[in-house]
Amino acid sequence: MQIWILLAVVALTLIIQGPLTLSTELLARDDRWLTAPLKEVHNLADWWTLIRSGSLPDFQPVRDLSYWIDWQLARALGTEPHFHLSNILIWWAVLALVWQIAQKVFPEGHQKKGFSTAAIVVILMAIHPVAVEPVAWVSGRKHLLSLLFTLIATRLILGHLNPVRALLILTAFAAGALSQPINVLWPIWAITFLATSKNTDWMRQHRPTIVILTAGLALVSLSTIALNMTVYQGVTWFGFQLTPHAEIYGKKLSGFRWDEIDISMLAAGRYFFNLLIPFNIAHRYSTGALANLVGLLMIPLAGWAGFHLHERRKEFWLWSLYAALPILVVTLQLSDIFVADSYALAALPGTMLAAAVMLKELTSAAKGMRWFFAAVCSLALAQSVFIARAWTSAEALWSRSQSVEETPDSLYFTAGDLLNMGEYDEALARAGRLLELSPGREKPIQLFITAVCSHPRMPAEEKRANLARLGIPGVRCK
């Protein structure tokens, strides 16, 4: 990596993540639940006991190993664990791999003067607002690790293929799947890349290795799918079941349902919109936002434009496929959550590379592109810095989410914060709005009851009238 690219990436990352770099504070949002149990793990048997008991909320061994290493380093140094710093170090490794891959895709990346396309790709990756959340959020470690190992597998497959390299590709892909299984469809891209980028003689010469690699990737993908069905849906395989996780997540992550296809399509649209037009990035989004529909309409338009504008259509198609597969996985599995930008991280390298392929044709003859690039980078950097500041506290995080788009999660958490601050009228208004968005759910009902009953200025008769809106017999303030 050229020294100026290295320095630029390090500097940009520290500008964005500065307040969190050496912070040891953890947000209540999942972070403590994931990391605290691993403090007392001394061997594999201890970790397995946590998994079997449901003390850890999911089955992602590589991520858990990274947290455990943080705890061991902290114990050895006599400090609190620096989970945020570890996230940043992993992110730097991700960016280094993106740089290497981009140089493979764009040979002019080795030029000595001016902005190379590879440099533009890695800088845009470093400052992209969608990348802020998985780096700033300790719980986003699983997405960083999954992307890291998927990029290692991608970098390996771009080189000369031999049995040893095939084994390394399988190992990297499996490590990514055991970090977070959003990369489960990566083998489709990998095999498609080999089939379309190599000539017939090469394919014939390397056929045994390709067959073994294809079979191994398929086995890892199918095993990952089966494992997730066991963990999150309670499916039993040969008598093996992890019931605590199925009880926690079974209803939420129940797989693809045809009656949710409209939500899944809108989620795909929002991911695409946020990747290409990262405007008003937040922790959660509303299913009714206009950006979801705009992003959905942009997908075929961008595909058509890129395919027709770029003379090497195969190259554009391949990297577009790389970007689309993670989005497909997440929209089928997480429609209850709708959209969380951490899950878009896996699609970011492919999206940036595909966009670079298309924009390269449009801007090759344009003047003043350095000024345009500088303006885009400045806007992206400013928004990323602003977003990262919201991750310094749970209150700031949900306040920003509520200001961007009203969602059930933002209403729930900001209403709770308002109650703690004594803003009873506004808290009650948000609790009522939450009931409209999530009727019949236990947490919104309990929040509304708390907001009504704790209101110091509300007459008793008005409290009874508000509680009657719930339609639940016997509900009253104690």
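The values are calculated or read from the model by the stated rules, or taken from the named source; none is laboratory data. Remember, it's a predicted structure, so these values are computed and weren't measured experimentally. Note that we place each Cβ from the backbone using ideal geometry, even for glycine, and neighbour counts take in every protein chain shown.
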Just one listed residue, out of 289, 226, is at pLDDT 80 or above, in contact with a strand residue (DSSP E or B) (Cβ under 8 Å, 6 or more places away or on another chain) and either in the same structural domain as residue 104 (by TED's automatic domain parsing) or surrounded by fewer than 16 Cβ atoms within 10 Å (Cβ to Cβ) (or both), and it is 226
Kindly indicate whether any position in segment 58-71 is in the same structural domain as residue 99 (by TED's automatic domain parsing), among the basic types (Lys, Arg) and within 24 Å of residue 149 (Cα to Cα).
yes
Helices (runs of 4 or more DSSP H) fully within segment 401-478 counting 3 or more residues that are within 30 Å of residue 279 (Cα to Cα) and either modelled with pLDDT under 90 or touching a helix residue (DSSP H, G or I) at 6+ places or on another chain (Cβ under 9 Å) (or both)
408-420, 424-437
Suppose we filter segment 71-94 for residues that are assigned to a helix (DSSP H, G or I), more than 17 Å from residue 143 (Cα to Cα) and not basic (Lys, Arg); how many remain?
6
Could you grab me the full set of residues in segment 148-200 that are surrounded by fewer than 19 Cβ atoms within 10 Å (Cβ to Cβ), part of a helix (DSSP H, G or I) and of a type in the set (A, V, I, L, M)?
164, 167, 168, 188, 191, 194, 195
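Residue-wise test of (1) crowded, with 19+ Cβ neighbours inside 10 Å; (2) within 30 Å of residue 123 (Cβ to Cβ); (3) at pLDDT below 80.
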residue	(1), (2), (3)
27	no, yes, yes
37	yes, no, no
40	no, no, no
49	no, no, no
54	no, no, yes
61	no, no, no
Among (1) at pLDDT 85 or above; (2) crowded, with 18+ Cβ neighbours inside 10 Å, which single condition is residue 316 missing?
(1)
When you scan segment 72-79, do you find a residue that is in contact with a helix residue (DSSP H, G or I) (Cβ under 7 Å, 6 or more places away or on another chain) and of a type outside the set (A, V, I, L, M), even just one?
no
What about residue 118, is it among the small types (Gly, Ala, Ser), without any contact (Cβ under 8 Å) to a residue 40 or more places away in the chain, farther than 30 Å from residue 222 by Cβ and out of contact with any strand residue (DSSP E or B) (no Cβ under 7 Å at 6 or more places or on another chain)?
yes
Considering 272, 240, which residue is at pLDDT 70 or above, on the phi < 0 side of the Ramachandran plot and aromatic (Phe, Trp, Tyr)?
272
Those residues of segment 40-65 which are in contact (Cβ under 8 Å) with a residue 24 or more places away in the chain and part of a helix (DSSP H, G or I) amount to 51, 52, 53, 61, 62, 63, 64
Hey, residue 149 hits all of (1) closer than 27 Å to residue 373 by Cα; (2) modelled with pLDDT of 95 or more but one; which does it fall short on?
(1)
